[in-house]
1. Here are 218, 227, 185: which of them is among the charged types (D, E, K, R) and without any contact (Cβ under 8 Å) to a residue 24 or more places away in the chain?
2. If you scan the stretch 207-233, which residues turn out to be part of a helix (DSSP H, G or I) and open to solvent by less than 60 Å² (accessible area, probe 1.4 Å)?
3. Since residue 317 meets every condition but one in (1) within 28 Å of residue 228 (Cβ to Cβ); (2) open to solvent by less than 50 Å² (accessible area, probe 1.4 Å); (3) outside any loop (DSSP other than H, G, I, E, B), which condition does it not meet?
4. Could you check how many residues of the stretch 134-182 are touching a helix residue (DSSP H, G or I) at 6+ places or on another chain (Cβ under 7 Å), small (Gly, Ala, Ser) and not in a strand (DSSP E or B)?
5. Where residues in the stretch 29-71 are polar (S, T, N, Q) and within 22 Å of residue 140 (Cβ to Cβ), which of them is surrounded by the fewest Cβ atoms within 10 Å (Cβ to Cβ)?
6. For the stretch 192-206, enumerate the residues that are surrounded by 18 or more Cβ atoms within 10 Å (Cβ to Cβ) and assigned to a loop (DSSP other than H, G, I, E, B).
7. Can you tell which of 246, 304 is among the basic types (Lys, Arg), surrounded by fewer than 12 Cβ atoms within 10 Å (Cβ to Cβ) and within 30 Å of residue 185 (Cα to Cα)?
8. If the requirement is being buried (at least 19 other Cβ atoms within 10 Å of the Cβ) and either at pLDDT 90 or above or within 29 Å of the chain's Cα centre (by Cα) (or both), which of these qualifies: 252, 266, 296?
Amino acid sequence: MSTDNLPWVEKYRPQCLDDVCGQTETVNTIRRFAVEGRIPHLLFYGPPGSGKTSTIIALAKDLYGKNYKNMVLELNASDDRGIDVVRDQIKNFASTRQIFTSGFKLIILDEADAMTNVAQNALRRVIEKFTKNTRFCILANYSNKINPALLSRCTKFRFAPLSDEAVLERINHVVKEEKLIVGDDAKEALVQLSRGDMRKALNVLQSCKSSLDDPINDEVDTDMIYDCIGAPKPKSIHTIFDAILKNDWNDAYNTMMKIRRIEGLALIDLINAFIDILEKYTLKPTTRLALLKGLADIEYGISKGGNDSIQSTAVIGCIKNAMECEAK
């Protein structure tokens, strides 16, 4: 089957555990479980794009090979996640044994933190009853949304955001396979903006290729990466930040609003970019605390629907006041 029309997230999804980038310790532990044939019920939790689904699918393909479809049941948040699914679909799959194959079946519950409490409670008994025949792998972004009784039945693995090196390694592989021309600065920007999310990095890279007039000869540059993600460009951020530090209030406000209007920037993205800049400054602990607390309060106000102009002035005031205190 042709893979040319597939999203790159699926096209370049690892097909075996050896292909999984990052999460080395977790993958090695799971590989030992597989070699020994003693796989417990698993819980993978961590931020999006950190490799939870890819890891369990790679493990299943290593275990079952061509028999994958018969031995694995995948359910994710797009499916009905109520108690009926637990009682019917999951229970029926777990209760039947394979005649011509040995070993256990695998049920993958992706984004299980979206399951209802009633369904999670029903799942506890199903896991206990069919342990001899079936293993469960529960995937979630937040482990605190999973029933404690389910947590106690699983071996937990925390998936941290992928390291920059792991993301860059995969990007280089995809760039080579797709015969793309991507500059080192563009790769660095993509790695930085993806923040350990491999899915985001690959989706952005695919979008950039789609926007090229001549994908074979045209180069993906840094501006294209920023435009695709919709993130503020470093030059624009530094212009606004310098205006806040060096100019009067009116000029700082006009500069911010002009650049935001031209580039279509959201205030929340500006705040995140300012925080990244402030990390490079050597500041007194009290000054840094005041800055972060002030910007956090503004971000909370934005999330509650606060007026954009008022929140913009608050950002300028927060940074100016903190820096003036730093200078005293």
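1. 227
2. Once the filter is applied, which keeps residues that are part of a helix (DSSP H, G or I) and open to solvent by less than 60 Å² (accessible area, probe 1.4 Å), the stretch 207-233 yields 207, 208, 209, 222, 224, 225, 226, 228, 229.
3. Of the numbered conditions (1) within 28 Å of residue 228 (Cβ to Cβ); (2) open to solvent by less than 50 Å² (accessible area, probe 1.4 Å); (3) outside any loop (DSSP other than H, G, I, E, B), the odd one out for residue 317 is (1).
4. Final tally of qualifying residues: 2.
5. If we filter the stretch 29-71 for residues that are polar (S, T, N, Q), which is where we start, we get 29, 50, 53-55, 67, 70.
Then keep just the ones that are within 22 Å of residue 140 (Cβ to Cβ); that gives 29, 50, 53-55.
On the way: 29: 13, 50: 24, 53: 21, 54: 22, 55: 24.
So, considering only residues that are polar (S, T, N, Q) and within 22 Å of residue 140 (Cβ to Cβ), the one surrounded by the fewest Cβ atoms within 10 Å (Cβ to Cβ) is 29.
6. Those that are surrounded by 18 or more Cβ atoms within 10 Å (Cβ to Cβ) and assigned to a loop (DSSP other than H, G, I, E, B): 196, 197.
7. 246
8. Matching residue, one of 252, 266, 296: 252.
The values are calculated or read from the model by the stated rules, or taken from the named source; none is laboratory data. It should be emphasised that the depicted structure is a prediction, and the values quoted were computed from it without experimental measurement. Don't worry about glycine lacking a Cβ; one is built from the backbone with ideal geometry, like all the others, and counts go over all protein chains shown. To get the accessible areas, we keep the full protein, side chains included, count just its heavy atoms, and leave off ligands, DNA and RNA. Shrake-Rupley method; radii C 1.70, N 1.55, O 1.52, S 1.80 Å.
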